[in-house]
Amino acid sequence: MKTLLEIRFRGWTATPRMPFVLSGNAICLPVPSYSLVLGLVGCCVGRPVEPEEVRLGFRYQIDTSAEDIETRHRLEFDGKRVKAHSKGTDAYPREFHVNPRLTVWLDRLDWEDFFRFPIGTPALGRSQDLLEIDRKSIRQVEVQPVTEASIGGCMLPFRPQLRMAGQLVQLAEAYRENDIVGSGRTATQSRIFLAVPADNEVPIVFDNLFRTAENESFYLHQWA
C-alpha cells in the first residue's frame, strides 16, 4: 500500500494547448501535459516545482470541446522596445474545453495545506481558465499498486506494445526556470506520449499503475 495526496479541481473552461501550433486555429490536446500539471501544482505551492520533488498522476475529464473567436493583440520589436504591431489586432478561432474536472494524485503529503490555502490562483491553460479546488476532496488516500487497470484521461509514455486509442505527441516532460530573471525556461527531457481521453479508457498492462479503495485507477508518472 502507498499513501498519496488526492486533490480535485474543476472549472468552466480549460485550454491545454497543442504545442508548436503557432498559426491558424488554436487547438487543444485531449488532456493536459505533465509540464502543465506540474505548473498547476507550482502555482498552488507558490514557486516553480522541479520534477524531482514530486511524483504525480492525474485523470482529466470534460463535458465537450468548443470553439470561439478571440481578438489577438499583436506585438513587434523595433530594436529598442516592444510595441503594438503596426497592423493592429486580428481575430482567430481557438478551441477550448468545457467544464473540465481534474483529479491529481501526489506523493507529497506535506503539501496538503498548499491546496487548502493556495498561494497562487490555479488555472489550466490560460490565465482566464480558472480552476476551483474542492476543499472537501483534499485527502490522503491509500492506493494499491496493480499490474493491470482501466486507464483514461491521462498521458502515458509511449511504448509500441500499447494497444489503446489516443493522440501521439512529442513534448517536453517539464521545464526549469533559468537563473536569469526574464530569460525564460529550459525544457527537460523530450519524450513521446500518448494522450488518452477519458472516454477512451481501456484495460492495459503497464508499470506504475495504482488503484484507490473507490476502484479509481491511474498512472503515477515516472520522470525520465
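Identify the single condition in (1) hydrophobic (A, V, I, L, M, F, W, C); (2) over 25 Å from M18 (Cβ atoms); (3) in a helix (DSSP H, G or I) that V41 does not satisfy, given that it satisfies every other one.
Result: V41 passes all but (2).
Can you tell me which residue within segment 45-97, out of those that are among the aromatic types (F, W, Y) and modelled with pLDDT under 95, is surrounded by the fewest Cβ atoms within 10 Å (Cβ to Cβ)?
F77
Within the group R59, R126, R47, which residue is in a strand (DSSP E or B), charged (D, E, K, R) and within 21 Å of the chain's Cα centre (by Cα)?
Only one candidate passes the filter, namely R59.
Please count how many residues of segment 179-207 are surrounded by 15 or more Cβ atoms within 10 Å (Cβ to Cβ) and either at pLDDT below 90 or not aromatic (F, W, Y) (or both).
Final tally of qualifying residues: 10.
Out of Q222, Q161, I need the residue that is in a loop (DSSP other than H, G, I, E, B) and without any contact (Cβ under 8 Å) to a residue 12 or more places away in the chain. Which one?
Only one candidate passes the filter, namely Q161.
Restricted to segment 188-219, and to residues that are part of a strand (DSSP E or B), aliphatic (A, V, I, L, M) and touching a residue at least 40 places away in the same chain (Cβ under 8 Å), which residue is farthest from Q144 (Cα to Cα)?
Only one residue fits best here, namely A195.
Which one of A84, A14, A66 is free of Cβ contacts under 8 Å to residues at least 12 places away in the same chain and of a type outside the set (S, T, N, Q)?
Sole residue among the options that is free of Cβ contacts under 8 Å to residues at least 12 places away in the same chain and of a type outside the set (S, T, N, Q): A84.
The values are calculated or read from the model by the stated rules, or taken from the named source; none is laboratory data. All figures in this text were calculated on a predicted structure; none of them were measured in a lab. Heads up, the Cβs are rebuilt from the backbone with ideal geometry, glycines too, and the neighbour counts pull from every protein chain shown.
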